[in-house]
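The values are calculated or read from the model by the stated rules, or taken from the named source; none is laboratory data. Keep in mind that what you see is a predicted model, and the values were worked out from it rather than measured. Glycine also receives a Cβ, built like all others from the backbone with ideal geometry; neighbour counts cover every protein chain displayed.
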Amino acid sequence: MSRIRARYGAGPGHLLLLLASFVIAGAAIVGWFQRPNDLESVLVWFVAAVLLHDLVLLPLYSLLDRLTISRLPPRSIAYVRVPAIVSGLLLLVLFPTILGFGAHAELRASGIPEHGYLLRWLVLSGVLFAISGLAYALARARRAH
Amino acid sequence: MRLPLPDPNKPPPGPFRPEFWRSPLRSSQLTAMLGLVLLVGLPVVAITGLLSNDAYQPGLGGNALGRQINGPLDVYLFGWPSGPRWLYALTQGAHVTLGLALFPVVLAKLWSVIPRLFEWPPIRSPAHALERLSLALLVGSTLFEFVTGILNIQYWYAFKFDFPQAHYYGAWVFIGALAAHIPLKLPTLQRSLRVRREVLEGAGPLASPTAQRADPHSLSSPRPAAVTLSRRGLLTAVAGASGILLLQGVGQSAGGWARSLAFLLPRGRTRPGPLGFPVNKTWVSSGLRRVLVGDRWRLTVRGDRTLVLSRQQLLALPQHTYELPIACVEGWSTTQRWTGVRVSDLAALAGVAGPAILTSVSLETGTYGQATLGHQQVANPQTLLALEVNGHDLPLDHGYPARIISPAVPGVHCTKWVSELRFEAVRT
């Protein structure tokens with residue numbers, strides 16, 4: 001037992017647990033393989049999701065923050081960053097709707113032309129920044145006293 | 001044999017060095033708090049997802065849409081019941097709504113652990129290598145499931161693959177990786193939550209050397225920048241985005257004024273009037289011609305004998321009215337008053353007495369041009385071949401001359417523009 005631990009780096013339970021998860025992942029690939037034509041694009045999306053998040057999206061929003069919000073006066077930074085995070089997350093999740101990427105399919109499906117989502121997101125973002133600005137003004141007034 | 005390991009004390013410059021990561025907010029405690037939210041929420045999303053697979057009853061007729069369903073991962077939690085009527089609206093609404101609301105938490109968690117991606121040395125032992133591979137599967141499957149699901153509910157089919165199949169087996173990669181991740185990380189999570197140091201307001205590395213030794217792989221920056229946003233501020237932002245997304249999901253399932261909560265999602269929008277409730281495939285997009293649903297339309301009912309019925313003959317049969325939801329896989333639902341003929345009455349007319357499954361065939365021959373309901377749905381007196389809704393003839397968009405409506409089944413199984421009903425006796 002201690003020889004396993006020395007060579008492997010953890011107990012046998014660790015190994016069994018991970019092997020079980022790899023077996024399930026293997027079975028899922030077999031499931032995907034039922035549509036061989038789909039398999040390639042599924043795997044591309046799977047790998048691209050990790051790479052795009054870890055090596056593009058995360059560095060990009062960190063850099064954006066460093067180039068813009070981080071340069072503001074230190075005491076105001078939190079009041080800009082919080083609404084920026086909320087607004088940015090909503091755009092990230094709902095950009096197909098906000099930017100109208102699904103508009104054609106939606107019109108066919110529901111009979112309702114898709115429009116106005118960009119404006120709604122802009123108004124919501126404006127409201128969030130306004131509330132945060134109000135909180136900042138109140139905090140400043142309290143500090144001044 | 002010893003593995004040739006790089007010098008653990010000499011990481012290359014850049015993100016491989018701990019001092020590269022300067023945010024004062026990262027800490028094992030922050031990660032543990034976000035992890036705890038996901039520990040509770042993600043299993044609910046996974047289980048409601050598996051329940052949706054049950055609800056589609058892929059073992060019946062052509063419901064599997066070509067998927068082979070005898071593999072080891074094609075499991076069913078139970079045969080899908082025919083009630084309560086809101087069951088699928090609830091499970092699928094929860095799946096989509098919770099999924100939307102948890103995505104900001106997932107991204108925050110990934111942000112909090114990003115220094116680990118660049119840990120040095122990259123591989124300490126075979127155990128460490130396998131664990132990192134499993135983490136790659138966990139992160140990959142989590143992002144894959146969230147991204148495909150979130151795009152699908154917004155009508156943006158950017159991917160070439162078949163969504164149900166890719167999303168279903170992707171869920172299993174996720175479930176397997178999560179089932180390994182939870183027991184491996186639970187001790188870390190418990191230890192991190194036990195350290196009741198200033199978690200929300202505080203920043204920087206844990207002060208005492210004892211605490212540092214207790215957490216040798218701390219996520220805290222050894223060279224933290226000045227605090228410009230408290231952890232409470234970060235969590236407020238994440239919770240704010242989650243809350244707004246939660247309301248989008250709730251609004252899609254609600255009726256009345258609450259529906260307007262879903263002001264940033266396209267699914268389930270309504271038009272004015274008693275017949276303006278949402279539709280997911282319009283008459284125009286079906287490509288059908290008007291003459292097919294005119295006076296010459298006939299319904300063929302096949303059982304032990306075959307009947308051919310006009311709409312007038314159907315209207316002459318006993319009519320029943322029920323309030324039933326249409327609940328869609330995209331997480332929206334809408335409850336309306338449907339009037340029509342009981343499917344069980346039609347089965348009796350076709351000479352089918354015992355338990356039977358029912359395949360309803362549409363004039364429209366697309367992916368969901370037909371669907372099969374189980375014997376429990378057929379036996380349910382609320383399962384109707386609807387001819388009217390809210391006191392009016394069905395509009396073309398909602399399936400005129402006749403459509404299926406049945407409690408707790410996915411919306412696409414409520415076939416519109418029905419031309420044929422096929423009953424097949426089954427043993428239960």
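Of the conditions (1) in a helix (DSSP H, G or I); (2) surrounded by 17 or more Cβ atoms within 10 Å (Cβ to Cβ); (3) modelled with pLDDT of 90 or more, B:Ile182 clears all except one; give me its number.
(2)
Just for helices (runs of 4 or more DSSP H) wholly inside segment A:4-76: which have at least 1 residues that are touching a residue at least 24 places away in the same chain (Cβ under 8 Å)?
Passing ranges, in order: A:58-67.
Looking at segment B:89-99, can you tell me whether even one residue there is surrounded by fewer than 21 Cβ atoms within 10 Å (Cβ to Cβ), farther than 19 Å from B:Ala179 by Cβ and out of contact with any helix residue (DSSP H, G or I) (no Cβ under 7 Å at 6 or more places or on another chain)?
The answer is yes; a qualifying residue exists.
Within segment A:18-43, work out how many residues are within 9 Å of another protein chain (Cβ to nearest Cβ), surrounded by fewer than 20 Cβ atoms within 10 Å (Cβ to Cβ), among the aliphatic types (A, V, I, L, M) and farther than 20 Å from B:His181 by Cβ.
2
A:Ala84: closer than 30 Å to A:Gly133 by Cβ, more than 7 Å from chain B (Cβ to nearest Cβ) and buried (at least 20 other Cβ atoms within 10 Å of the Cβ), yes or no?
It is true that A:Ala84 is closer than 30 Å to A:Gly133 by Cβ, more than 7 Å from chain B (Cβ to nearest Cβ) and buried (at least 20 other Cβ atoms within 10 Å of the Cβ).
Name every residue in segment A:78-124 that is within 24 Å of B:Arg271 (Cβ to Cβ), within 20 Å of the chain's Cα centre (by Cα) and not aromatic (Phe, Trp, Tyr), in order of residue number.
A:Leu94, A:Pro96, A:Thr97, A:Ile98, A:Leu99, A:Gly100, A:Gly102, A:Leu118, A:Leu124
Within segment B:337-412, which strands (runs of 3 or more DSSP E) (wholly inside it) include 3 or more residues that are within 24 Å of B:Leu65 (Cβ to Cβ) and modelled with pLDDT of 95 or more?
B:356-362, B:370-373, B:403-405
Taking segment B:263-276, which residues are buried (at least 19 other Cβ atoms within 10 Å of the Cβ) and free of Cβ contacts under 8 Å to residues at least 60 places away in the same chain?
Result: B:Leu264, B:Arg269.
For B:Pro224, are the conditions met, namely being within 19 Å of A:Arg66 (Cβ to Cβ) and either at pLDDT below 95 or not in a loop (DSSP other than H, G, I, E, B) (or both)?
Yes: the conditions hold for B:Pro224.
Looking at this structure, is B:Leu30 over 22 Å from B:Ala262 (Cα atoms), touching a helix residue (DSSP H, G or I) at 6+ places or on another chain (Cβ under 6 Å), modelled with pLDDT under 95 and among the hydrophobic types (A, V, I, L, M, F, W, C)?
yes
Within segment B:398-416, which residues are in contact with a Leu (Cβ under 8 Å, 6 or more places away or on another chain) and closer than 21 Å to B:Trp332 by Cα?
B:His398, B:Arg403, B:Ile404, B:Ile405, B:Ser406, B:Pro407, B:Ala408, B:Val409, B:His413
Hey, could you check segment B:123-161 for residues that are touching a residue at least 24 places away in the same chain (Cβ under 8 Å), at the interface with chain A (Cβ under 7 Å from one of its Cβ atoms) and assigned to a loop (DSSP other than H, G, I, E, B) and say which is surrounded by the most Cβ atoms within 10 Å (Cβ to Cβ)?
My answer is B:Gln154.
Answer yes or no: is there a residue in segment B:207-220 that is modelled with pLDDT of 85 or more and surrounded by 14 or more Cβ atoms within 10 Å (Cβ to Cβ).
Yes - at least one qualifying residue is present in segment B:207-220.
I'd like to know if segment B:54-70 contains one or more residues that are closer than 19 Å to B:Leu178 by Cβ, modelled with pLDDT of 90 or more and more than 14 Å from chain A (Cβ to nearest Cβ).
no
Does segment B:172-184 hold any residues that are closer than 17 Å to A:Val50 by Cβ and more than 7 Å from chain A (Cβ to nearest Cβ), and which are they?
Hits for segment B:172-184 are B:Phe174, B:Leu178, B:His181.
Could you tell me which numbered condition B:Val45 fails, if it satisfies all but one of (1) surrounded by 15 or more Cβ atoms within 10 Å (Cβ to Cβ); (2) in a loop (DSSP other than H, G, I, E, B)?
All conditions pass for B:Val45, except number (2).
Out of the residues in segment B:109-122 meeting the condition of being buried (at least 20 other Cβ atoms within 10 Å of the Cβ) and more than 9 Å from chain A (Cβ to nearest Cβ), tell me which one is nearest to the chain's Cα centre (by Cα).
B:Lys109
Just one of B:Ala254, B:Ala350, B:Ala262 is over 30 Å from B:Ala94 (Cβ atoms) and either hydrophobic (A, V, I, L, M, F, W, C) or within 14 Å of chain A (Cβ to nearest Cβ) (or both); which is it?
B:Ala350
Listed here are the residues, each with its yes/no results for (1) surrounded by fewer than 17 Cβ atoms within 10 Å (Cβ to Cβ); (2) of a type in the set (A, V, I, L, M); (3) facing chain B (nearest Cβ under 7 Å); (4) under 30 Å from B:Gly287 (Cα atoms).
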site	(1), (2), (3), (4)
A:Leu89	no, yes, yes, no
A:Thr97	no, no, yes, yes
A:Arg108	yes, no, yes, yes
A:Leu122	yes, yes, no, no
A:Tyr136	yes, no, no, no
A:Ala141	yes, yes, no, no
A:His145	yes, no, no, no
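Report yes if B:Leu73 is surrounded by 16 or more Cβ atoms within 10 Å (Cβ to Cβ), assigned to a helix (DSSP H, G or I), in contact with a helix residue (DSSP H, G or I) (Cβ under 8 Å, 6 or more places away or on another chain) and not hydroxyl-bearing (Ser, Thr, Tyr), otherwise no.
No; evaluated as a whole, the condition is false for this residue.
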